[in-house]
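Below is one structure, written out as structure tokens; the observations come after it.
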Amino acid sequence: MLLELKKLEKRFGGVVALRDGNLQVRPSEVHLLMGENGAGKSTMMKIVAGMQRHDGGEMLLAGEAASFANPKQASLAGIAMVHQESLLAPHLTVGENIFLGREESGALGMVRRSRMMERANQLIRDHDFPLQADWRVDKLSPAGRQLVEICRAIAGEARLLIFDEPTSSLSESETRSVFAIVQRLKEKGAGVIYITHRLEELRTLGDQVTVLRDGATVHSAPLASLTRAELIQHMVGRDLDHLYSRTPQSPGAELLKVSNITRQGVLEDISFTLCAGEIVGLAGLMGAGRTELCRILFGIDEADAGQIEIEGKLLRARSPRDAVRAGVALIPEDRQRTGLATQLPVGWNLTLSSLSAHSRLGTLQAAALSATEQKFISRLRIKTNGPEQRAARLSGGNQQKIVIAKWLARGARIFLFDEPTRGIDVGAKMEVFEVMDSLAREGAAVLMVSSELPELIQVADRILVMRQGRIAGALPGRTTQEEIMSLAAFEKENPLQ
Amino acid sequence: MIPSAMMQRLLPFATLILMFVALCFVPNFLLASNLASVARQTAVINIMALGMTMVIISGGIDLSVGSILAMGGFLGSLAMAKGMPIPVAIATGIAVGALCGFANGFMTTRLRINSFIVTLGTLGAFRGLTLIFANGLPVHEIPPEFSFLGEGNILFLPTVLWVLLACGLLVHFLLEHTKLGRYAFAIGSNPEAAFYAGIPVAFHTTAVYAICGALTGLAGMIEASRLMTGQPTAGQGYELQAIAAVVIGGGSLRGGEGSVIGTLVGAFIMGLLANGSDLLGISPYWQQVIIGAIIILAVSFDELRKRRAV
């Protein structure tokens with residue numbers, strides 16, 4: 001046995017993050033670790049990677065008791081981890097980040113820079129990543145950073161690698177490269193622990209699966225012996241036999257009309273409409289321009305040409321403020337960075353965009369504010385100790401609900417959801433879909449950007465597919481993944497030729 | 001048992017009370033005249049620190065307050081020397097301060113320059129302008145009644161204490177009960193999220209600097225009243241004391257954290273420290289070392305608390 005965890009425990013103050021963590025990983029095994037957010041997966045893996053110390057239980061590495069005071073010790077023991085959130089030095093280059101902390105040094109401790117860069121480039125080429133060793137990390141997209149994290153983990157000769165949701169921000173082809181890496185690591189005899197929310201990724205990859213729930217291991221078995229429904233059931237502890245499905249209604253008045261939006265090198269000639277009561281999906285590969293389109297609709301970037309009309313009125317949004325006033329809401333992809341002030345209370349975040357409605361002559365109306373806070377906490381079933389709790393303490397799904405509630409409180413009518421289910425657990429996903437559905441029923445228009453094709457198919461009334469900055473086509477909601485993918489990835493064949 | 005997070009938050013208060021109790025054993029400390037002088041000495045820094053609290057909560061910093069204090073105090077005094085009534089002169093001082101603060105805020109938000117750099121620049125520029133207006137010389141022609149602001153009493157308490165109380169209540173109200181205050185916390189905590197939430201970030205940031213400037217202008221008038229001169233060289237180094245008061249009181253230079261009560265406690269800790277050292281005959285050189293140590297201690301306790309909390 002390469003790694004064995006027995007009854008591992010970890011507390012943060014009064015909060016028990018892990019109470020009975022058990023895991024057994026053999027060499028040459030891809031071990032999937034699943035569970036809802038807050039189940040204790042990341043905590044357990046941070047203990048293995050030396051970022052945190054356990055309060056109880058045992059960790060055995062190749063049969064010997066182990067406990068790491070810091071990541072360096074874990075790394076020396078042959079353990080590497082690819083983190084979900086980027087833990088890179090943004091001002092350094094890709095190559096410097098890959099070898100950060102284990103630079104090759106020559107005489108007088110000087111770093112052998114050119115050799116390091118060469119090795120980094122070799123590594124990048126081996127895996128066909130769209131990176132270069134001398135690029136600065138802060139110029140990279142979230143996906144690019146994730147790839148650097150992966151390079152960093154595989155650059156050492158680790159015998160146990162931990163991947164924490166490595167593909168959540170990656171494109172299809174990048175995801176395939178990651179799978180190939182995992183496969184290769186397995187063939188070389190390393191153990192791989194792979195945390196994921198995406199059930200679709202499982203079958204091709206995993207040998208064994210362990211499910212955590214509420215800080216305890218609830219199930220561990222060969223993957224082949226479990227159905228998808230069984231897995232979900234272990235994770236959430238309740239039956240989820242039917243996945244989400246919504247009954248579309250006939251669309252109402254046109255709320256948003258986008259005509260010929262172009263932004264040099266990013267978007268070209270984008271036109272579409274959104275009607276009240278509609279949920280429109282926006283599919284496409286990474287870099288197809290979906291997020292960029294949302295940024296323009298929300299006034300963050302300006303278009304070079306084209307126009308946006310809201311309920312027939314021309315919108316000239318120079319900042320999000322203008323867009324918000326016109327009734328547009330953005331639930332951003334990167335909610336920690338742009339969606340929430342995580343250090344502030346839940347209640348403050350909830351009402352941040354609607355303070356004007358809750359104040360008289362600039363003075364906040366405490367009773368009205370607290371009524372709104374309570375209303376949306378219960379309406380969206382936000383799991384929190386109360387509006388005074390810091391948003392940072394909540395799980396990803398509950399944080400997402402705060403962002404949504406912020407716009408509900410504002411009374412927005414056009415909702416742009418950018419990857420609304422990224423990094424949130426199955427139960428919370430369903431709740432997000434229900435919110436989207438009720439928004440549409442109440443007459444809002446919803447644009448849902450997602451890389452999760454099954455989710456798009458289940459939720460959207462119709463789906464726009466983007467490819468290289470253009471709208472490549474529109475599909476009805478009840479389409480297939482293959483249809484979407486063929487539009488997103490390939491030029492349409494001309495039937496006449 | 002009090003939870004440790006709560007205990008850490010109460011630490012500044014406990015320190016203040018402990019210091020006060022300890023100082024009661026020092027001869028002359030409890031004399032009304034001594035306590036009044038502590039209040040008068042602390043008030044100037046205290047009022048500046050209130051404005052600084054708002055700036056720091058909004059994620060910025062204002063290094064130019066010492067120079068703003070001098071400009072406000074000098075031009076206000078000049079107004080009196082030119083025959084303006086005292087209330088108009090005080091209003092002049094406040095308005096000059098507000099204008100300087102506005103300039104800081106404007107440059108920070110419109111030119112998108114880091115507030116540290118902007119106010120480092122205006123720290124020199126405002127001081128230089130004041131010296132140019134003054135031609136290097138202080139104003140002495142101040143009506144004797146003006147000393148009431150800095151040295152007078154209302155209902156047996158120093159006037160400045162009442163002024164401080166009013167300013168404290170005002171800033172507390174702004175921070176806790178107005179849109180401006182809520183936005184200041186949001187902008188300081190995560191400027192990008194605030195922008196994405198549709199908050200007019202530039203407007204409110206500028207307002208915060210202008211309010212800080214106005215309070216500093218008022219502090220400048222108090223300083224002028226205490227010295228009974230408009231000194232163009234007044235207030236040098238005060239910015240560091242004001243920042244120290246905010247930080248000792250739990251404000252975070254990363255923004256999003258701070259409170260009026262914390263800042264007042266922080267300023268009084270420094271005031272008592274200075275007074276106690278004077279009474280005990282500790283040299284002012286050592287006082288600087290002690291205050292420096294306290295700042296570092298206060299912040300490290302705070303960091304420890306946060307790390308445990310996460």
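The values are calculated or read from the model by the stated rules, or taken from the named source; none is laboratory data. Fair warning: this is a prediction, and the values are worked out from it, not measured in the lab. With ideal geometry, Cβ positions are generated from the backbone for all residues, glycine too; neighbour counts draw on all protein chains shown.
Is it true that some residue in the range B:216-234 is under 19 Å from residue A:300 (Cβ atoms) and more than 9 Å from chain A (Cβ to nearest Cβ)? Outline the logic, then answer.
Of the range B:216-234, the ones under 19 Å from residue A:300 (Cβ atoms) are none.
So far as the range B:216-234 goes, no, none of its residues is under 19 Å from residue A:300 (Cβ atoms) and more than 9 Å from chain A (Cβ to nearest Cβ).
Residue by residue, here is whether (1) within 14 Å of another protein chain (Cβ to nearest Cβ); (2) under 25 Å from residue B:33 (Cα atoms); (3) surrounded by fewer than 18 Cβ atoms within 10 Å (Cβ to Cβ) holds:
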site	(1), (2), (3)
B:263	no, yes, no
B:271	no, yes, no
B:274	no, yes, no
B:280	no, yes, yes
B:284	no, yes, yes
B:299	no, no, yes
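Residue-wise test of (1) assigned to a strand (DSSP E or B); (2) of a type in the set (Asp, Glu); (3) on the phi > 0 side of the Ramachandran plot.
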{"position": "A:429", "(1), (2), (3)": "no, no, no"}
{"position": "A:432", "(1), (2), (3)": "no, no, no"}
{"position": "A:437", "(1), (2), (3)": "no, yes, no"}
{"position": "A:440", "(1), (2), (3)": "no, no, no"}
{"position": "A:443", "(1), (2), (3)": "no, no, yes"}
{"position": "A:448", "(1), (2), (3)": "yes, no, no"}
{"position": "A:451", "(1), (2), (3)": "no, no, no"}
{"position": "A:455", "(1), (2), (3)": "no, yes, no"}
{"position": "A:458", "(1), (2), (3)": "no, no, no"}
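The residues on offer are B:101, B:150, and the sole one that is within 17 Å of the chain's Cα centre (by Cα), touching a residue at least 12 places away in the same chain (Cβ under 8 Å), farther than 30 Å from residue A:363 by Cβ and surrounded by 18 or more Cβ atoms within 10 Å (Cβ to Cβ) is B:150. For residue A:305, the criteria (1) more than 9 Å from chain B (Cβ to nearest Cβ); (2) buried (at least 22 other Cβ atoms within 10 Å of the Cβ) hold in every case but one, which is (2).
Taking the criterion of being of a type in the set (Ser, Thr, Tyr) and outside any helix (DSSP H, G or I), would at least one residue in the range B:192-200 satisfy it? No, every residue in the range B:192-200 fails to be of a type in the set (Ser, Thr, Tyr) and outside any helix (DSSP H, G or I). Within the range A:329-366, the set of residues being of a type in the set (Lys, Arg) and under 23 Å from residue A:398 (Cα atoms) comprises A:335, A:337.
A single entry from A:44, A:51 fulfils the requirement of being of a type in the set (A, V, I, L, M, F, W, C) and crowded, with 18+ Cβ neighbours inside 10 Å: A:44. Screening residue A:320 with (1) crowded, with 16+ Cβ neighbours inside 10 Å; (2) more than 10 Å from chain B (Cβ to nearest Cβ); (3) without any contact (Cβ under 8 Å) to a residue 40 or more places away in the chain; (4) within 30 Å of residue A:292 (Cβ to Cβ) gives one miss only, at (2). Residues that are without any contact (Cβ under 8 Å) to a residue 40 or more places away in the chain and either among the hydrophobic types (A, V, I, L, M, F, W, C) or part of a loop (DSSP other than H, G, I, E, B) (or both): does the range A:20-43 have at least one? No - not one qualifying residue is present in the range A:20-43. Within the range B:274-297, the only residue that satisfies the criterion of being part of a helix (DSSP H, G or I), among the polar types (S, T, N, Q) and over 20 Å from the mean Cα position of the chain (by Cα) is B:277. Within the option set A:131, A:88, being aliphatic (A, V, I, L, M), in contact with a helix residue (DSSP H, G or I) (Cβ under 7 Å, 6 or more places away or on another chain) and within 28 Å of residue A:485 (Cβ to Cβ) holds for one residue only, A:131.
Applying the condition of being more than 14 Å from chain B (Cβ to nearest Cβ) and assigned to a loop (DSSP other than H, G, I, E, B) to the range A:372-401 and asking which residue is farthest from the chain's Cα centre (by Cα) yields A:386.
Considering only the range B:75-189, give the helices (runs of 4 or more DSSP H) lying wholly within it that have at least 3 residues that are within 25 Å of residue B:41 (Cβ to Cβ). Counting at least 3 such residues, we get B:86-110, B:115-134, B:147-151, B:159-177. Counting the residues of the range A:366-381 that are crowded, with 19+ Cβ neighbours inside 10 Å and within 22 Å of residue A:434 (Cβ to Cβ) gives 5.
Let's see how each residue does on (1) touching a Pro at 6+ places or on another chain (Cβ under 9 Å); (2) modelled with pLDDT of 90 or more:
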{"site": "A:321", "(1), (2)": "yes, yes"}
{"site": "A:324", "(1), (2)": "no, yes"}
{"site": "A:333", "(1), (2)": "yes, no"}
{"site": "A:355", "(1), (2)": "no, yes"}
{"site": "A:403", "(1), (2)": "yes, yes"}
{"site": "A:415", "(1), (2)": "no, yes"}
{"site": "A:419", "(1), (2)": "yes, yes"}
{"site": "A:425", "(1), (2)": "no, no"}
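Scanning the range A:284-295 for residues that are part of a helix (DSSP H, G or I) and in contact with a Leu (Cβ under 7 Å, 6 or more places away or on another chain), we see that the one that is nearest to the other protein chains (Cβ to nearest Cβ) is A:294.
Evaluating residue A:363 against the criteria (1) among the β-branched types (Val, Ile, Thr); (2) crowded, with 18+ Cβ neighbours inside 10 Å; (3) within 14 Å of chain B (Cβ to nearest Cβ) leaves one unmet condition, (2). The numbered conditions (1) more than 20 Å from residue B:189 (Cβ to Cβ); (2) within 13 Å of chain B (Cβ to nearest Cβ) are all true for residue A:369 except (1).
Can you pull out every residue in the range B:223-247 that is aliphatic (A, V, I, L, M), farther than 19 Å from residue B:262 by Cβ and buried (at least 24 other Cβ atoms within 10 Å of the Cβ)?
So in the range B:223-247, the residues aliphatic (A, V, I, L, M) come out as B:224, B:227-228, B:234, B:240, B:242-247.
Restricting the remaining residues to those that are farther than 19 Å from residue B:262 by Cβ gives B:224, B:227-228, B:234.
Of everything in the range B:223-247, those that are aliphatic (A, V, I, L, M), farther than 19 Å from residue B:262 by Cβ and buried (at least 24 other Cβ atoms within 10 Å of the Cβ) turn out to be B:224, B:234.
Exactly one condition in (1) of a type outside the set (Asp, Glu); (2) at pLDDT below 90; (3) in a helix (DSSP H, G or I) is false for residue B:51; which is it? Here residue B:51 meets the rest and fails (2). For the range A:75-106, taking the residues that are assigned to a strand (DSSP E or B) and surrounded by 14 or more Cβ atoms within 10 Å (Cβ to Cβ), the one that is modelled with the lowest pLDDT is identified as A:82.
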